[in-house]
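Here the structure is laid out as structure tokens; the discussion comes afterwards.
The values are calculated or read from the model by the stated rules, or taken from the named source; none is laboratory data. Please read all numbers here as calculations on a predicted model, not as lab measurements. Cβ: placed from backbone, ideal geometry, glycine included. Neighbour counts: every protein chain shown. These area figures cover heavy atoms from the full protein model, side chains too; ligands, DNA and RNA do not enter into them. Shrake-Rupley method; radii C 1.70, N 1.55, O 1.52, S 1.80 Å.
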Amino acid sequence: MVNIEKEFKTVKELVEYCLEKFEETRHSDTLLFLKCCEMLGAETIQQIKDLKLNMISVHKIRQVIQNKEKKWLPSESVKRIRKEREKEIKKFMGKVG
């Protein structure tokens with residue numbers, strides 16, 4: 001448990017830094033993940049792979065920072081797109097389940 005807690009604390013600090021310094025990362029988890037990798041020194045796909053930085057962890061931490069802590073929020077248009085996508089996914093999952 002201590003290792004996971006330490007990992008998430010460190011990743012959260014990195015994600016917060018990127019969200020604060022690079023506004024475009026507030027709108028895209030892909031850009032956020034790539035910027036985090038870049039900040040850790042990755043320049044190639046192999047180096048990104050070697051980092052073992054989990055994209056899902058970056059996504060989840062971004063959600064906490066933006067949705068719960070209300071820091072470094074995306075634009076209103078991105079908020080609307082995310083909300084609509086969430087509705088579509090829930091509707092689809094209801095049909096699948």
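In region 41-97, of all residues being within 16 Å of the chain's Cα centre (by Cα) and at positive phi, the one that is surrounded by the most Cβ atoms within 10 Å (Cβ to Cβ) corresponds to 72.
Any residue in region 41-58 that's free of Cβ contacts under 8 Å to residues at least 12 places away in the same chain: show its pairings with residues that are open to solvent by 70 Å² or more (accessible area, probe 1.4 Å) at Cβ separation under 6 Å, as long as the two are six or more apart or on different chains. Filtered contacts from region 41-58: no entries. Under the condition of being of a type outside the set (D, E, K, R), part of a helix (DSSP H, G or I) and either under 16 Å from residue 70 (Cα atoms) or modelled with pLDDT of 95 or more (or both), the residues counted in region 1-33 number 10.
Identify all residues within region 61-97 that are assigned to a helix (DSSP H, G or I), within 18 Å of residue 9 (Cα to Cα) and either of a type outside the set (D, E, K, R) or in contact with a helix residue (DSSP H, G or I) (Cβ under 9 Å, 6 or more places away or on another chain) (or both); write none if there are none. Listed by number, the residues that qualify are 61, 62, 63, 64, 65, 66, 67.
Of all residues in region 42-53, those satisfying the criterion of being touching a Leu at 6+ places or on another chain (Cβ under 8 Å) and either small (Gly, Ala, Ser) or outside any helix (DSSP H, G or I) (or both) are 42, 53.
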